[in-house]
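What follows draws every value from the coordinates through simple rules; no lab data is involved. Bear in mind the structure is a predicted one, so any value in this text is a computation, not a measurement. Using ideal geometry, Cβ is built from the backbone for each residue, glycine included, and neighbour counts are taken over all protein chains shown.
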Amino acid sequence: MRNLNTSWLSKNKTMIDDYCNLNLPIDYDLYWFIAYTSLAFIGLFYALLGYRWWRFTMFVTSFSLGSLLLYIILLTQPTMTQSQLIGVSCSIATLFGLICALLQYVGLFINGFCFGLTLSIITFITIDMKNRANGITTSFWLPIGLILLLGLICAIITLRFQKTMLIVTSSCLAGVCQTLVLDYFLQSSVLLHFIHKRLLFESTPTLCIRHWIIALILPIIMLFGIVIQFSCTGKNYDHRDSWQRAISAGKKRYKTANFKKIRHNYHQDTLREHIIPDESNRFRYFYHIRRTNGDALSSDFIQNVRQQNSATVHLTTNNNNNSNNNNNNNTSQPVVSSTGATTTTTKTVGTTRKDTDSTTTTLTHLM
């Protein structure tokens with residue numbers, strides 16, 4: 001019996017040593033090599049330009065999530081081959097990605113949900129390892145509850161704080177992508193298989209230190225992406241302005257008037273006219289001042305007054321001319337009398353013209 005226990009312990013120790021031994025894989029599958037290389041470039045894009053090209057970010061995130069979920073669902077169909085599964089899942093996921101890229105709030109919700117999904121998986125693995133160390137069985141509903149709770153909370157926060165959460169979400173996804181790439185090239189996706197088995201509540205060996213070192217890449221890349229985007233690529237840029245410009249690109253003739261700016265300029269101009277009247281621009285704001293002060297004079301009324309004044313001046317001038325002619329024809333009167341009549345007539349005409357000029361000047365100032 002003792003020999004059996006010794007042999008079992010030695011065999012288990014050998015398995016653990018082989019599992020934790022640092023041996024780089026040398027045989028890579030061509031298709032997975034291309035896939036993980038593309039994932040590395042996607043992670044670099046997330047870290048550097050995740051917010052700047054936010055529509056493409058939402059498309060890639062929605063496409064990846066949709067294709068993964070559809071692949072898992074269609075995997076239960078025994079009649080479909082591997083290529084058929086990939087083709088159907090990618091084609092439907094492309095449509096889902098386009099919808100999320102074009103509908104702003106749907107894409108923001110999906111990005112926030114993916115961030116909550118990442119946090120829920122990390123939280124579940126931490127709690128599960130603690131329960132396994134204490135000999136406690138983890139509940140089946142724990143990962144489902146964490147995914148729903150944290151996913152919805154992060155999605156709602158993303159809708160409220162869009163710029164900040166887009167930068168944080170893209171940086172977190174960059175860390176996830178680079179962690180998966182290093183996990184594949186350095187240890188043949190041991191970390192990914194461990195998480196997958198624990199989500200299915202299957203038995204797995206304990207992770208070693210080198211596995212946790214690979215897992216620490218995630219927060220490092222995430223912090224790097226946040227710093228880069230806040231300080232360089234996302235600085236002085238707002239995705240909401242770019243979205244409005246994209247919508248109104250072909251509608252420049254139908255811009256909405258800025259009524260607040262118009263009212264502000266109108267009040268400033270009216271106040272300036274009241275405080276510092278400018279004679280050169282007295283006709284410019286005539287109708288504005290009329291509406292402000294309640295002036296009831298109209299342009300027709302002013303024109304009629306001017307016509308009446310001009311007719312009065314014309315009649316007075318004709319009468320004076322007729323009087324002068326009569327005085328000149330009357331040769332019996334002395335010269336002094338003729339001079340006096342002429343002086344009186346000149347004074348009358350001058351007074352009439354002065355009154356006419358004053359009336360015209362008053363009407364002009366009213367304008």
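Tally Lys and Arg at +1 and Asp and Glu at -1 over the other residues with C-beta under 13 Å from the C-beta of Phe140: what net charge comes out?
Numbers: positive: Arg198; negative: Asp128, Glu202.
Cβ neighbours under 13 Å give a net charge of -1.
Rg to Rh ratio, the stretch 15-247, alpha-carbon atoms and Kirkwood radius?
0.98
Take Cys114, Cys208, Cys172 and order them by how many other Cβ atoms sit within 10 Å, fewest up front.
Cys208, Cys114, Cys172
Using a 10 Å cut-off on Cβ atoms, rank the peptides 198-206, 181-189 from the highest mean neighbour count down. All intermediate terms of the calculation are to be shown ahead of the outcome.
Working: 198-206: 12.4, 181-189: 19.2.
With the highest mean Cβ count within 10 Å placed first, the list reads 181-189, 198-206.
Local charge sum around Ser170 (other residues, Cβ-Cβ under 14 Å, Lys/Arg +1, Asp/Glu -1)?
On the way: positive: Arg52, Arg55, Lys163; negative: none.
Taking every other residue near Ser170 into account, the sum is +3.
Relative to the present Cα-Cα distance, how much length would full extension add between Thr37 and Leu75 at 0.36 nm per residue of separation?
Between Thr37 and Leu75, full extension yields 11.2 nm more.
What is the distance in Å between the Cα centroid of the stretch 162-216 and that of the stretch 56-110?
Taking the Cα centre of the stretch 56-110 as reference, the centre of the stretch 162-216 is 21 Å away.
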